[in-house]
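These notes are about the structure you will find just below.
The values are calculated or read from the model by the stated rules, or taken from the named source; none is laboratory data. Note that the coordinates shown come from a computational prediction; the quantities given were computed from them, not determined experimentally. Cβ placement follows ideal geometry from the backbone for every residue including glycine, while neighbour counts extend to all protein chains displayed. With ligands, DNA and RNA removed, areas are computed over all heavy atoms of the protein, side chains included. Shrake-Rupley method; radii C 1.70, N 1.55, O 1.52, S 1.80 Å.
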Amino acid sequence: MWIVSAVFLLVLLLLSIPVLVFLIQVVASFFLHESRQGHSGKALSIAVLVPAHNEGENLLPTLHSLQQQLKPQDQLIVIADNCSDDTAQQAQAAGAHVLVRQNETLRGKGYALDHGVRYLESHTRPEVVIVVDADCLLKPRALEVLAQQAFETQKPVQALYRMYSPQGAGLKTRIAEFAWEVKNYARASGYLVLGLPCQLMGTGMAFPWALIQQANLASGHIVEDLKLGLELASAGKAPLFCPEAEVTSVFPLNNEGLKTQRTRWEHGHLGMIVKEAPAMIFRGLVTLNPGLLALSLDMAVPPLALLTLLVTAIASLSITVLIFSTGLMPWVLGPVLFVLLGIGVFLAWLKYGRHILSLSNLAYAPLYALAKIPLYVKFLIKRQVNWVRSKRD
């Protein structure tokens, strides 16, 4: 019995790391004070890179949103990557500079970004490069605020990236929106309050030229942004969170697009946890690199649905053993972990989710988590490793 108890305690300790990181981030986020960014005293030259794969039907609103914030010295570059539609023509007609890239072997957003940076390297080298996805809109002054902070700190800067439910979306999509708000806003804000960096989120990312020029972008990794942020943190250039700059997008309404999107994000994230998290945490400790350690621990927090499933399973096992056993330790710690996670989720809903879900809607979240079990089983038996574009509405 002591062997079973020891194994259970080990599992419990491992699971307590993401739960405590999650809870600390959420609690700390309550102390975030909004600040106003002033104008930079220097007119910075900015290049905005928009990687686009078959985005002809959705690209124009993004380009118009960007053009409203660009100054005469700035550049707007669309990388039409392996497109079979009129993405290049639409972008050119809208006034963007278009780079057409065709390579059926090296596919993915990372290769498209590298293509754009190499073009800038051989032509005009801006002071700041900002990456914006082809389905995103920007809040006023987002480009200016991002560029200013990236230039002044000479570090990557990440905007607040929010995903909204489309009109008519069901409860599942709104729960996904809440989980997204918790991950990209609550947890990133908590780290900001604690003076710690944040993960790169794929869009709304600003880089000083010297940093992006040397970055390892040419990759087909399905979570290339997460990987890049950790690599930069390892080099002492961990990304900074800038909630004053905001980039928004909308979840796909069709089930196929939503399923593809979730599979890519969650399989990529879980793959990074399995392959990279232990080594990254160890490296952050031995090299005394707080930025890398903080991001590695943040990465080790699995998607909220999976974390809920794992903690619930451990708590259920603990309660079952407690009913039929006289020993309390370590089984009593399972329900404690469940309560801590529940407190974290409730606090996150209280501050970030009440406009998305009612409390009664939140009660359905465990059913949403159960419905995602096939996605996590698929990770074990047929993991997605290649980048696949989400089908738009």
Excluding residues on the same chain fewer than 8 positions from K71, give the aspartates and glutamates whose Cα lies under 18 Å from its Cα.
E127, E144
D (Stokes-Einstein, µm²/s), Kirkwood Cα radius, the stretch 1-144, 1.306 mPa s at 10 °C
86
Under 5 Å between amide hydrogens, which residues at least 5 positions from L99 or on another chain qualify, with H placed 1.01 Å from N in the peptide plane?
V78, I79, A80
In whole percent, and with a 1.4 Å probe on the protein chains, what portion of the accessible area of the chain is carbon and sulfur?
63
Cβ-Cβ FRET estimate between Q73 and L137, R0 fixed at 25 Å, reported to 0.05:
0.65
DSSP H segments from the chain that extend 24 Å or more along their own axis, Cα-based, with Kyte-Doolittle mean of -1.0 or above
2-29, 255-286, 304-324
Under the classification rounded if a/c is under 1.5, otherwise prolate if a/b is larger than b/c and oblate if not, where does the stretch 127-181 fall, given a ≥ b ≥ c as square roots of the Cα gyration tensor eigenvalues?
prolate
Karplus-derived 3J(HN,Hα) from phi for the stretch 201-208 (6.51 cos²θ - 1.76 cosθ + 1.60, θ = phi - 60°), whole Hz, x at Gly and Pro, runs 10, x, 9, x, 9, 10, 10, x
Only one of the listed values, (1) 74, 57, 54; (2) 73, 58, 39; (3) 74, 44, 40, was derived from the coordinates as Cα extents along the principal axes in Å; which label is it?
(3)
So A363 and T287, fully extended at 0.36 nm per residue minus their Cα-Cα distance, gain in nm 23.1 nm
Candidates G168, G202, G271: whichever shows maximal mean-square fluctuation once the chain is modelled as a Gaussian network with Cα springs under 10 Å
G168
Looking only at L350, L232, L137, which one moves most when the chain is put into a Gaussian network model with springs between Cα atoms under 10 Å?
L350
Starting from the Cα-Cα distance between V274 and V11, subtract it from 0.36 nm times their residue separation and give me the gain in nm to one decimal.
93.2 nm
Are any of the pairs K172/K275; K155/K227; K227/K382; K42/K109; K155/K378; K155/K372 more than 26 Å apart by Cα-Cα distance, and if so, which?
K172/K275; K42/K109; K155/K378; K155/K372
In the chain, what percentage of the DSSP-assigned beta bridges are antiparallel, given to the nearest 5?
25
Taking a probe of 1.4 Å, how large is the accessible area per residue of the chain, in Å²?
46
Which of these, A210, A159, A188, has the largest mean-square fluctuation under a Gaussian network model of the chain (Cα springs below 10 Å)?
A210
Each label point is 7 Å from the Cα along the Cα-to-Cβ direction; what then is the distance between the points at V4 and L171, in nm?
3.6
Potential lengthening between R354 and E231 on full extension [0.36 nm per residue; Cα-Cα distance subtracted]
40.7 nm
